[in-house]
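Trainee: Let me begin by handing over the structure; questions about it come next.
The values are calculated or read from the model by the stated rules, or taken from the named source; none is laboratory data. The model shown is predicted, which means the values in this text are computed figures rather than measured ones. Glycine also receives a Cβ, built like all others from the backbone with ideal geometry; neighbour counts cover every protein chain displayed.
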Ligand SMILES: [Zn+2]
């Protein structure tokens with residue numbers, strides 16, 4: 001369900017609506033790129049003698065048939081890598097051939113367009129203006145990070161302040177439409193800093209439009225002498241403005257591309273990768289990407305490079321990326337891949353097992369992503385061995401069975417909404433001006449909720465409509481809260497919503513200027529003072545009047561020696577959360593092991609779908625769901641139906657469902673008697 005937003009609606013429904021996409025990479029780089037890089041790249045041997053033959057195989061009718069057999073209905077393939085449209089013309093012609101062959105099997109194709117790097121060795125000869133596109137540092141040099149792509153010195157990062165660069169990308173879109181692509185896939189949508197003259201000018205113009213009072217906001221009488229900051233210093237008000245400017249830059253680029261693509265081909269599917277879900281990218285501060293800006297997309301690529309799993313006491317999941325995207329109505333491709341296997345010093349591409357694949361599909365269904373995938377692409381193996389999809393009929397058959405099951409489930413879930421009663425506030429200010437601690441506080445809280453089977457979603461700070469239906473909103477170390485957001489949170493509280501906040505949440509404004517008191521002091525029922533904070537570092541304070549909760553200590557964060565700032569045990573917070581989320585209306589899952597995820601969806605007829613996902617390879621036994629009296633009704637397994645040996649009994653007013661054995665996933669449908 002797409003929430004209302006200020007963005008203009010796309011001219012026609014994209015082809016992804018209500019259809020479970022089963023996706024894979026079908027050759028993510030042109031052969032030219034592998035030759036230039038001279039070796040292994042993203043789990044693919046790039047310099048083998050079999051490279052051309054492998055590439056030819058990927059675009060063949062046989063590959064299309066094999067993928068169709070495996071139930072794949074969308075792929076992404078190479079199209080424009082940044083060498084230049086002329087240089088890449090021969091391989092673009094091969095992509096056109098791939099599209100024809102794949103269309104014959106009903107498979108749709110995203111054309112990959114590289115936003116983040118261009119190759120000066122070729123594109124400068126093609127496009128004389130491209131010489132001007134290099135991102136520049138303070139000294140007008142462009143060497144090294146973040147002006148080049150890591151050690152790949154032959155890939156230069158371009159600057160989107162150049163109108164001619166953006167127009168070049170639109171030409172790429174035109175070409176993709178011309179060869180029949182069903183979608184465009186923008187990779188490395190980033191704005192990681194540029195000090196060129198065009199950017200300095202654009203930044204000054206941006207400030208002239210957005211800064212109301214230079215003295216109050218920046219300590220400057222006027223904006224005449226300013227320039228783009230030279231160092232990362234998030235508390236610097238000019239740096240904050242620069243974060244906003246770059247988020248505006250990437251948003252503007254993406255809107256231009258999306259509008260242009262839809263004008264050229266109504267219904268085209270627009271996808272982008274800006275690193276959501278990545279464990280090492282800092283999306284906003286480094287990349288100029290704010291997830292709330294991308295409601296214009298149809299699809300995001302979440303590249304955490306891992307299959308859902310239970311590892312070292314943590315649930316590895318795409319929950320956050322999927323739910324953030326769902327908050328703005330965008331689907332997500334989970335960019336899963338299996339860790340390479342080492343044979344001596346040589347790395348070999350690995351193939352996921354059936355459990356790993358099931359978990360990807362289950363997460364997609366549970367968390368509203370709408371897109372699942374199998375192995376990470378049509379990867380060849382040592383000495384020219386074919387990719388698993390092409391060589392293994394049994395694997396294809398299993399993939400189709402899995403996809404068929406989930407297609408049926410997806411249609412059973414049509415029109416459902418996220419019924420998670422709890423949400424975490426994901427704030428632009430927190431991620432922009434204090435990202436390391438803020439992200440840590442959010443992920444610690446999220447991990448705890450996941451491991452305690454508490455269904456939750458995200459509310460974006462600039463999308464207050466996300467609060468609809470939330471009973472408890474958690475602010476983990478959300479220091480900066482604007483007056484406007486504080487007003488929305490107070491209104492949420494007045495309507496019966498509860499807030500649980502940690503640390504100094506709301507004690508600062510949107511520019512991290514400290515207030516005299518929490519903006520939400522009335523909601524918490526306390527007043528800030530240094531003494532109050534010191535005395536309550538390890539306390540959970542419940543305001544009986546509003547039901548809201550404050551933990552004045554910075555829960556989830558630790559000092560340099562690893563000592564937690566707040567010693568409140570996670571178990572105690574979970575109790576406070578369960579009490580605050582109005583437990584009498586919510587199913588309560590009791591899992592003997594923490595590696596089980598739990599999610600709730602509500603169908604249009606009022607029935608609930610409860611989803612359980614075991615992240616470990618060890619089966620979970622005797623899992624219990626208590627349904628409070630209000631939810632009394634019939635419970636049956638929706639998927640997979642075969643594993644449904646449920647024991648249901650009454651315990652006082654409550655109904656208890658016992659699941660004797662949870663192998664991977666189980667979806668239950670709960671139809672309350674009286675509605
Ligand atoms: Zn620039």
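Trainee: With respect to residue 562, is the statement that it is surrounded by 14 or more Cβ atoms within 10 Å (Cβ to Cβ) and either in a loop (DSSP other than H, G, I, E, B) or out of contact with any helix residue (DSSP H, G or I) (no Cβ under 8 Å at 6 or more places or on another chain) (or both) true?
Mentor: Answer is no for this residue.
Trainee: Where the second residue is part of a helix (DSSP H, G or I) and within 16 Å of the ligand (Cβ to nearest atom) and the first is without any contact (Cβ under 8 Å) to a residue 12 or more places away in the chain and within 20 Å of residue 233 (Cβ to Cβ) and lies in the stretch 197-220, which pairs have Cβ atoms under 9 Å and are six or more apart or on separate chains?
Mentor: Filtered contacts from the stretch 197-220: 214/207.
Trainee: Residues to consider are 393, 369; find the one that is at pLDDT 95 or above and within 22 Å of the chain's Cα centre (by Cα).
Mentor: 369
Trainee: If you don't mind, another one. Could you please find all residues in the stretch 444-469 being part of a loop (DSSP other than H, G, I, E, B) and either crowded, with 19+ Cβ neighbours inside 10 Å or in contact with a helix residue (DSSP H, G or I) (Cβ under 9 Å, 6 or more places away or on another chain) (or both)?
Mentor: 452, 453, 454, 455, 461, 462, 463
Trainee: Pull up the stretch 103-141, narrow it to residues that are within 13 Å of the ligand (Cβ to nearest atom) and under 31 Å from the mean Cα position of the chain (by Cα), then point me to the one that is surrounded by the fewest Cβ atoms within 10 Å (Cβ to Cβ).
Mentor: Only one residue fits best here, namely 137.
Trainee: Just to be sure before I move on: is residue 550 under 31 Å from the mean Cα position of the chain (by Cα) and modelled with pLDDT of 95 or more in the structure I sent?
Mentor: So residue 550 passes the test.
Trainee: How many of the residues in the stretch 323-356 are under 20 Å from residue 377 (Cα atoms) and in contact with a strand residue (DSSP E or B) (Cβ under 8 Å, 6 or more places away or on another chain)?
Mentor: Of the residues in that region, 14 qualify.
Trainee: Can you confirm whether residue 159 is touching a residue at least 24 places away in the same chain (Cβ under 8 Å), within 16 Å of the ligand (Cβ to nearest atom) and within 27 Å of the chain's Cα centre (by Cα)?
Mentor: yes
Trainee: Just to check your reading of the model, which residue among 98, 51, 67 is within 31 Å of the chain's Cα centre (by Cα) and closer than 21 Å to residue 35 by Cα?
Mentor: 98
Trainee: Does residue 174 satisfy the criteria of being within 16 Å of the ligand (Cβ to nearest atom) and either more than 24 Å from residue 258 (Cα to Cα) or surrounded by fewer than 23 Cβ atoms within 10 Å (Cβ to Cβ) (or both)?
Mentor: no
Trainee: Next up: Which condition number in (1) within 31 Å of the chain's Cα centre (by Cα); (2) within 28 Å of residue 281 (Cα to Cα); (3) at pLDDT 95 or above is the one that residue 230 fails?
Mentor: For residue 230, the exception is condition (3).
Trainee: While we're on this one: Within the stretch 17-49, track down each residue that is in contact with a strand residue (DSSP E or B) (Cβ under 8 Å, 6 or more places away or on another chain), in a loop (DSSP other than H, G, I, E, B) and in contact (Cβ under 8 Å) with a residue 24 or more places away in the chain.
Mentor: 20, 26, 27, 28, 29, 30, 43
Trainee: Still on this model: Tally the residues that are in contact (Cβ under 8 Å) with a residue 24 or more places away in the chain and either surrounded by fewer than 24 Cβ atoms within 10 Å (Cβ to Cβ) or part of a helix (DSSP H, G or I) (or both), restricting the search to the stretch 480-495.
Mentor: 9
Trainee: Output yes when any residue across the stretch 273-284 is modelled with pLDDT of 95 or more and over 14 Å from the mean Cα position of the chain (by Cα), and no when none is.
Mentor: Within the stretch 273-284, none of the residues are modelled with pLDDT of 95 or more and over 14 Å from the mean Cα position of the chain (by Cα).
Trainee: What is the residue count in the stretch 433-443 for residues that are more than 30 Å from residue 626 (Cα to Cα) and surrounded by 24 or more Cβ atoms within 10 Å (Cβ to Cβ)?
Mentor: Count: 1.
Trainee: Here is a further query. For the stretch 205-215, does any single residue satisfy the condition of being at pLDDT 95 or above, more than 16 Å from the ligand (Cβ to nearest atom) and surrounded by 16 or more Cβ atoms within 10 Å (Cβ to Cβ)?
Mentor: Checked the stretch 205-215: at least one residue is at pLDDT 95 or above, more than 16 Å from the ligand (Cβ to nearest atom) and surrounded by 16 or more Cβ atoms within 10 Å (Cβ to Cβ).
Trainee: In the stretch 142-155, which residues are over 26 Å from the mean Cα position of the chain (by Cα) and within 13 Å of the ligand (Cβ to nearest atom)?
Mentor: The one that is over 26 Å from the mean Cα position of the chain (by Cα) and within 13 Å of the ligand (Cβ to nearest atom): 142.
Trainee: Oh, and also: So residue 180 fits all but one of (1) over 24 Å from residue 27 (Cβ atoms); (2) modelled with pLDDT of 95 or more; (3) more than 16 Å from the ligand (Cβ to nearest atom); what number is the exception?
Mentor: (1)
Trainee: Go through the residues of the stretch 187-196 one by one and say whether even a single one is away from the ligand (no atom under 13 Å from the Cβ), surrounded by 15 or more Cβ atoms within 10 Å (Cβ to Cβ) and not in a loop (DSSP other than H, G, I, E, B).
Mentor: Taking every residue of the stretch 187-196 in turn, at least one turns out to be away from the ligand (no atom under 13 Å from the Cβ), surrounded by 15 or more Cβ atoms within 10 Å (Cβ to Cβ) and not in a loop (DSSP other than H, G, I, E, B).
Trainee: Looking only at the stretch 316-344, which residues are farther than 14 Å from residue 277 by Cα and either in contact with a helix residue (DSSP H, G or I) (Cβ under 8 Å, 6 or more places away or on another chain) or crowded, with 23+ Cβ neighbours inside 10 Å (or both)?
Mentor: 327, 328, 330, 338
Trainee: Sort out which residues of the stretch 250-282 are in a helix (DSSP H, G or I), closer than 30 Å to residue 228 by Cβ and touching a helix residue (DSSP H, G or I) at 6+ places or on another chain (Cβ under 8 Å), and write them in order of number.
Mentor: Of everything in the stretch 250-282, those that are in a helix (DSSP H, G or I), closer than 30 Å to residue 228 by Cβ and touching a helix residue (DSSP H, G or I) at 6+ places or on another chain (Cβ under 8 Å) turn out to be 250, 251, 253, 254, 256, 257, 260.
Trainee: Between a first residue in the stretch 113-135 that is within 23 Å of residue 272 (Cα to Cα) and a second residue that is in a helix (DSSP H, G or I) and within 14 Å of the ligand (Cβ to nearest atom), which pairs have beta carbons less than 6 Å apart while being 6 or more apart in sequence or on different chains?
Mentor: 123/130; 133/165
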